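One structure below.
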Amino acid sequence: MNTMRRNSDRRWQLRDATAHSHAALDAAVGAFDDSAGYARYLAAIHAFRAPLNSDITPLVALDMADLGIPAPAPAPAPTLRGSALLGQLYVLEGAALGGQILRKRAARLGYDETFGARHLAVTPQGWLAFLARLDAAPDYDAQEAARAANATFALALNAFTKADE
């Protein structure tokens, strides 16, 4: 039972270790209040997710096509393993949860699961699977996971910063 308690803390440790990065990204995403702001969001989220081979990337590309935004070909990102991969997945899977808030914002602009916001309509079922994987990981290195999670947040922040240029 002690092992379960120790492992269940991993999620909270990652949250604490990435709080500053997460807040900076949330501020950069901002509140898209019009179609231009939403188009900026789509371009940035594609720039962030596409190099990571995210399952959501094809849906983002379709959403971009709906709005007439070209989706550039991504440059591949390095493949991570072990605790570093878990740190990266913490950000990617957590983003699906946060996407539910963004889905409501997109809906106010007229975008939904059939036009413009397909990627936000994906049910965030991967979060629970990720938590189970995080808890079960042998040889888990909390510092390595936190470094990778913060680096992943930095990639996203960079994508949103470039979208503003």
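Ellipticity at 222 nm from helices only: DSSP H runs of n ≥ 4 in the chain, each -39500 (n - 2.57), divided by the residue count, give -23500 deg cm²/dmol.
By the scheme Lys and Arg +1, Asp and Glu -1, what is the net charge of all other residues having a beta-carbon under 11 Å from that of T114? Surrounding charge for T114 is -3. With neighbour counts taken as other beta-carbon atoms within 10 Å, the residues R11, R49 rank, fewest first, as R11, R49. Once mean projected area of the Cα convex hull in nm² is worked out from the coordinates, which option in [x] 10.5; [y] 13.0; [z] 9.4 does it equal? Read-out taken from this structure: [z].
Evaluate the relative contact order of the chain (contact order divided by residue number), counting alpha-carbon pairs under 8 angstrom at least 6 apart; express in whole percent.
Working: 177 pairs, mean separation 63.3, N = 165.
Worked out over the chain, it gives 38 percent.
Taking each full run of DSSP H in the chain as one helix, which ones are at least 18 Å long along their axis (Cα atoms) and have mean Kyte-Doolittle hydropathy of at least 0.0? The answer, listed by residue number, is 35-49, 82-108, 142-163. Listed by Cβ neighbour count within 10 Å, with the fewest neighbours leading, L86, L102 appear as L102, L86.
Ranking I56, I45, I69, I101 by Cβ neighbours within 10 Å, fewest first, what do you get? Each step should come with its number before you reach the end.
Working: I56 22, I45 26, I69 16, I101 11.
Starting with the residue having the fewest Cβ neighbours, the order is I101, I69, I56, I45.
Here, each number is a calculation from the coordinates, and none is a lab measurement. Because the structure is predicted, anything quoted here is derived from the model rather than measured. Note: ideal-geometry Cβ built from the backbone for every residue, glycine included; neighbour counts use all protein chains shown.
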